[in-house]
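Inspection log for the structure reproduced underneath, given as C-alpha cells.
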Amino acid sequence: MKLFMATLSTETNTFSPMPTAMSGFEEFYLRHGTATQDSPNLMTEALHLWRRRAEAMGWEVTESLAAIAEPAGPTIASTYDALRGEILSDLEQASGADVILLQLHGAMVAQHVEDCEGDILQAVRSLCPDAIIGVSLDLHCHLTEDMLSAADLIVTFKEYPHDDAAPRARELFDLALRMTREEIRPVSGMFDCRMLGLYLTKEGEMQEVVREMHALEAQPGILSVSLAHGFPWADVADVGTRVLVITDNDAELAARTAENFGKAFFARRDAVNASYPDLDTALDRAMTSTDGPIVLADMGDNSGAGAPGDATFVLREVLKRGLSDVAAGFYWDPVVLRICKDAGRGARLSLRLGGKVGPDSGDPVDIDAEVVHVASGLGQHLGEGLEPLGTMVWLRLANGVDLLVNDLRTQVYHPEAFEQMGIRLATKKLVVVKSTFHFYAPFRAITTRVIQAATPGGASPDFTTFRYLGPGSECWPFVDDPFDTAGNKLSNTHDLDQPAV
C-alpha cells in the first residue's frame, strides 16, 4: 500500500484587510516533506500519527507539503497556486497512491478560489480517481459540495478548543484502513443548520452535544458524525454550521441522522451560543472581584480569527481607568519590537504602540515603558503541540502594567507564554489575553474567573457588526427562522464510494 499525505492550513477572514502571502506561511510553519522530523503542532499531529501507523504495516509513505499560516485575509493567488501545485506535483512524482490523507483547514479562501479545500480535493481526485481520499478538517470549516464529492472520508475536530486533533486523525486512518480491506462502503449525508455561531465545547450545552455525537457513532451503521461549526467571519457561499454523517452504505440513514441532529442543534441555538459583555461591562465586572488574577479575553482582536492583533481598545481603557497590576498580550507590533530589541534590556522608551493596520485596530497608544526582557525562539502549547511565538518583548508601564509585544501574529493559548518571559501571573489582578476560546482551559486552571468580552475588532463575536453580502445574511442570528426565509434545501446525500470527477 502507498500512502500520500500533506497539510495545508489557514483560516480566511474575508473582512480582514491583511492578505495572506507566502511570507505568512514562511514565518509560521512551512516544510517541504519534512514535518514529521519536527515536534508536532496542531495541524501536523495527523502526519506523525499517519506515518507511524502506515509504516508499522509496511506501507510506503510519501510526505508532501506542510504549510500553516496565521489567519488573515484571502490568500494571494500566486501563493495558493504555488502551495496547491507543490502538493499535486509531489503526488504525480509519487506515481499516485492507494490512500491519500490530507490535514486541511476547511476555511481557506484565495483571491481567485473561494473553496480552496474543495479545489484541492477535486484536483487530487482527478489525478487519482481510484484512490481512497480522506481529509481531516478543523471544525471551523465550510463544508462544501466539492469537498464531499471528491473525498471518500471527511472528519472534523469535535472539540473547541481543539484538543482532539490526534483522535480525529486516528479515526480517519482507521476508516481509510477499513476501506482498503473492503469492510465498509462510506456514504454521507449533510445538513445545513443555517446558523452563524461560536460554540465552546468544554462546558454547558455543547458538552452534551459532543457526547451525543459520540453516542450516535456507537449506533449500528454509523461510522462518523461531524459538526462543522463553520468560520463565521467569512462572506462565502457555504458559510455556517453544518452536520456531516457518514454511514456504511446507508444513504437514507446518513441523510436522516444528519437532518435530525441538525434540526435539534438549531432548536438549541440559544443554549449553545453564549452572550458576551461589551468592553466597559467586562472591565466593570472584573474590577468588582477581590480575587486575582481575573482573566479577560479580548475576543475582538483574536489573530486566530484573522484580526490584526494590534488593537488598542482594551489597553486604552485600562490606562484611562488607571488600573494596576495588569498583564496583557500579545500586541503584534514589529516596529515597536524592533525599537525595543535594538535598545536592549533596561532601556526606557517613549513608544507608539499598536493601532496600525486599520480602523479595527483603533488608534495607536503612546506609552512610556521599560524594556524588561527580550527573547526569541519561545513557544506555547496548544494541546500537545507547541506553537511558535516569534520574538517577544516584555514592556513594563507604570502601576505594574506589563505588556507582551511580538513580531509573529498569534493568539494567546497558554499562561506559559507570560511566565517564560518572567511575568508572574499570580501577582496580577487582571490578565488580558487576545484570544477567543483556545486560551480557556489552561487559564481557567490559574484563575477563579474568566470573562470573555465582545470587544471591538476584526474578530468581534457580534456578527451583526459585519456586512455579509452572501448567504451569511440569510442565517441566524440575522434571520429568526432561516428555514422559512431561505427554504429547507439542506439534505444532500453522496455515495462516496463512487466520487464525482
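Annotations for the structure displayed:
- Nearest 10 degrees, 0 to 90: helix 251-267 Cα axis against the chain principal axis: 30 degrees
- Label point distance in nm, residue 208-residue 368, each placed 7 Å from Cα along Cα→Cβ: 5.6 nm
- Label point distance in nm, residue 469-residue 381, each placed 7 Å from Cα along Cα→Cβ: 4.5 nm
- To the nearest ten degrees, helix 334-343 and the longest principal axis of the Cα atoms of the chain are 50 degrees apart.
- Unsatisfied cross-links (Cα-Cα over 28 Å) in the set 202/428; 202/341; 320/428; 356/434: 202/341
- Distance between the modelled labels on residue 285 and residue 396, one decimal in nanometres: 3.2 nm (7 Å Cα→Cβ projection).
- Based on C-alpha pairs under 8 angstrom that are at least 6 apart in sequence, the stretch 279-461 has a relative contact order of 38 percent.
- Taking each residue as 0.36 nm, the span from residue 481 to residue 320 lengthens on full extension beyond its C-alpha to C-alpha distance by 53.7 nm.
- Mean ellipticity per residue at 222 nm, deg cm²/dmol - from DSSP H runs of n ≥ 4 across the chain, formula -39500 (n - 2.57): -8500 deg cm²/dmol
- Those aspartates and glutamates that a straight Cα-Cα span of less than 18 Å connects to residue 2, excepting residues fewer than 8 apart in one chain: 55, 60, 63, 90, 92, 98, 130, 152, 174, 182
- Contact order normalised by residue count of the stretch 91-145, Cα under 8 Å, 6+ apart, percent: 48 percent
- Between residue 432 and 296, 327, 328, 329, the built amide H atoms are under 5 Å apart, and every one of these is 5 or more places off in sequence or on another chain.
- For the stretch 326-399 and the stretch 65-108, distance of Cα centres in Å: 32 Å
- Distant-in-sequence amide H partners of residue 65 (H built 1.01 Å from N, under 5 Å): 7, 33
- Listed by chain and number, the aspartates and glutamates whose alpha-carbon sits under 20 Å from that of residue 429, ignoring those within fewer than 8 places in the same chain, are 278, 280, 284, 291, 298, 317, 325, 402, 416, 419.
- Computed extension length for residue 123-residue 174: 16.0 nm, one decimal, from 0.36 nm per residue of separation with the Cα-Cα distance subtracted.
- Of all beta bridges that DSSP places with both ends in the chain, some 50 percent have antiparallel geometry.
- Gap separating the Cα centres of the stretch 238-278 and the stretch 151-194, nearest whole Å: 16 Å
- Neighbour net charge for residue 15 - beta-carbon separation under 11 angstrom, K R +1, D E -1: -1
All of the numbers you see were taken from the coordinates with simple rules; none came from a lab. It should be emphasised that the depicted structure is a prediction, and the values quoted were computed from it without experimental measurement. Every residue, glycine among them, receives a Cβ derived from its backbone with ideal geometry; neighbour counts consider all protein chains shown.
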